[in-house]
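Have a look at the structure below, then the notes.
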Amino acid sequence: KVAIKGIERELICPACKELFTHPLILPCQHNVCHKCVKEILFAFEDSFADAGSESSNQSSPRIKISSPSTDRIDRISRSGTKRNSLTPRSSLFPCPGCQRDIDLGERGINGLFRNFTLETIVERYRQAARAAIAIMCNFCKPPPQESTKSCMDCSASYCNECFKIHHPWGTLKAQHEYVGPTTNFRPKILMCPEHEMERVNMYCEICRRPVCHLCKLGGCHANHRVTTMSTAYKTLKEKLSKDIDYLISKESQVKAHITQLDLLLKETECNSERAKEEASQSFEKLSHVLEERKSVALRAIEASKNLRLEKLQTQAEEYQGLLENSGLVGYAQEVLKETDPSCFVQTAKQLHVRIQKATESLKSFRPAAETTFEDFVVDIAKQEEILGDLSFHSSGLEIPEINEKQSKMYNKALISWECPGKTDSADIYVLEYHKLNREEETTTWQEIEVCSKSKIISDLDDDSSYAFRVRGYKGSICSPWSREVVLRTPPAPVFSFLFDDKCGYNSEHLLVNPGRTSVESRAGFPLLLGSDRMQVGCYTTLDYIIGDTGIAKGKHFWAFRVEAYSYLVKVGVVSSNKIQKLFHNTHDVTSPRYEQDSGHDSGSEDAFFDSSQPFTLVTLGMKKFFIPTTPAAPKDPASRILPLPSCLGICLDCDKGKLGFYDAGCMKCLYECNVDCSGVMYPAFALMGGAAVHLEEAVTAKYSEYHDDI
């Protein structure tokens, strides 16, 4: 037998924190008092009506209701269903045991079984707790006698005399079941809550609850696997007995674990006190440093004050002497009374010099010392920021590193980081960033908490540099800040467009993907068939494609990537009034060198080709970026060839008539020129031979999720 006093934790209702009273078994297999279920369901229904929210109240184990209406509680206990638009045919119940919303079904409370076994165990516990308190007979005349037995059929307690009177021999009552004195009366037969006139005689293995034969024939358990009650009783009792025997056999192991836990509790107490002491010592050291610096600063201010007061006091005394009958003036007045010329001259010469100095100082008055102490203002901005970041640092927590290759600045900023060791990853990260501004003396970091290893940041200023840093937190422990990474935003708002596969699109030479974000040139049979007319130094015709959206005003930026294997690609813009010239090619192959009366030799081909274009394009190819030939361009051809960036950007300013080409990775301008923006401007691309261009993908939340998966 298990001691009753050792199981009291199992007999406490999770809602009211008291011994169970008429406990009901919820579908989640937790037990709650019948009264508590009604009160919680009543409060839960009111929370829906008042707040219109679908979320359950999971904060308080028991919800106290002040004098609820009896009619309303009875209505809930009968229907147990919240009849509104949110839950029209079911009743959600916030279980205080597992903190989940449980569906009670259409019958609500009436569909729950009463846990008579638990009720009996609680009654045994109550009897053990109040062994000195006797249960009195319910039928004795005053004063009542102590009862000796209780009848389970009559649900009453009797003394010996009263039991004989009410259960005479030879009657049906004599066959009633009686037990020792108790106040817990349970029915002899467990009835089905769905069909109140039917007793349960089967066990549903799917729902894990007793059912009657009507539930199996046409109820909600019709297609469920069921077994007889005797079989379920035998099976569950064998399993429970086996598990109990196993736990009892492991009693020594359990005691060893308890001993170990006791040691861990004491060790935790000692370590926490040691950590407190070390933290206090650290702060005391800081306090001593601050006190020492405070004393030094105050002494310096005091010394400067005394020196200034001394200078000002001396100056005041000197000016006091300039008054009549006092000081220097009084002395000079006495000297003027001297009548002997030789004696007067001897004294008056030095006195006259002093009088002249006093006169000059009076004309240009200047205090001997400053009254302000601006030089003694203590700047604590940096120290205050450092102290604000003061926290527990762990050597085991990895310092995250911002991945500059995976981070991206486009329409939004995507900042990505990783932990080098891949171990002891933090529970949460804090990302901070600020705009680099030389005019601002103090730096104000903006802080964002992130649960993943990347974050999209919106609303950054165009053409600006931002510094980013990140640190990890695991509980109260944090890692040091990562190395600051500086990224620059595009020079203008990002312009979104797709390749136009209709206007002048040459499907024989070009291939556009279904999303119209990539274009590839195919050097196929048409180029081979045209090779019969090709001569040395000939130019083959470029295949052009434009964007499907034009720009009429403002400043805009877009970016794209050119495959490394691309032989020749031209990028830029074209005006709407010159699109016809762009796609009007009468020959597949032309040769300016051998055209009649061309007037150009091999040394001037590039100048002719660039000047003959009706639009502004820049040449790319063979992993190079070629700066066009202009009067302002370098004369050395080698200096006009730059490495091709992995991502190239174009910035069009229609208002100023400027077109710039950028390295989109660092937002550095590679080349800028004037452009005629009289019409609507369209992004333009030209490809020849094997080449491919991919438009840069905008940064979105979906992009971030895909990036995290990678």
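The values are calculated or read from the model by the stated rules, or taken from the named source; none is laboratory data. Everything numeric here is computed off the predicted structure, so don't read it as measured data. Note: ideal-geometry Cβ built from the backbone for every residue, glycine included; neighbour counts use all protein chains shown. Each accessible area value is taken on the protein alone, full model and side chains, heavy atoms only, with ligands, DNA and RNA left out. Shrake-Rupley method; radii C 1.70, N 1.55, O 1.52, S 1.80 Å.
Structure notes:
- Furthest towards positive pole of dipole, Leu264, Ser361, Gln350, structure part the range 231-362, Cβ charges: Leu264
- Across the range 401-488, the mean sequence separation of Cα contacts (distance under 8 Å, 6 or more residues apart), normalised by length, yields a relative contact order of 34 percent.
- Gap separating the Cα centres of the range 151-180 and the range 290-310, nearest whole Å: 99
- In Å², nearest 10: area of His30 left accessible to a 1.4 Å probe: 70
- Here the range 401-488 was treated as a single set of alpha-carbon atoms; its pair distances binned every 5 Å from 0 give 3, 13, 26, 25, 16, 10, 5, 1, 0 percent.
- Ratio of Rg to Rh for the range 231-362: 1.89 [Cα atoms; Kirkwood radius as inverse mean 1/r over pairs].
- Kirkwood Rh (inverse of mean 1/r, distinct Cα pairs), the range 453-529, angstrom: 17.7
- Ordering of 638-645, 120-127, 172-179 by packing is 120-127, 638-645, 172-179, highest average first (other Cβ atoms within 10 Å, averaged per residue).
- Near the amide H of Glu198, within less than 5 Å, lie the amide hydrogens of Cys192, all on another chain or at least 5 residues away, with H placed in the peptide plane.
- Over the range 149-219, equivalent-ellipsoid semi-axes from the Cα gyration tensor in Å: 35, 13, 8
- Share of carbon and sulfur in the accessible area of the range 121-258 stands at 58%, probe radius 1.4 Å.
- Computed in the context of the full set of protein chains, the accessible area of the range 401-488 at 1.4 Å probe radius has 40% of its extent on carbon or sulfur.
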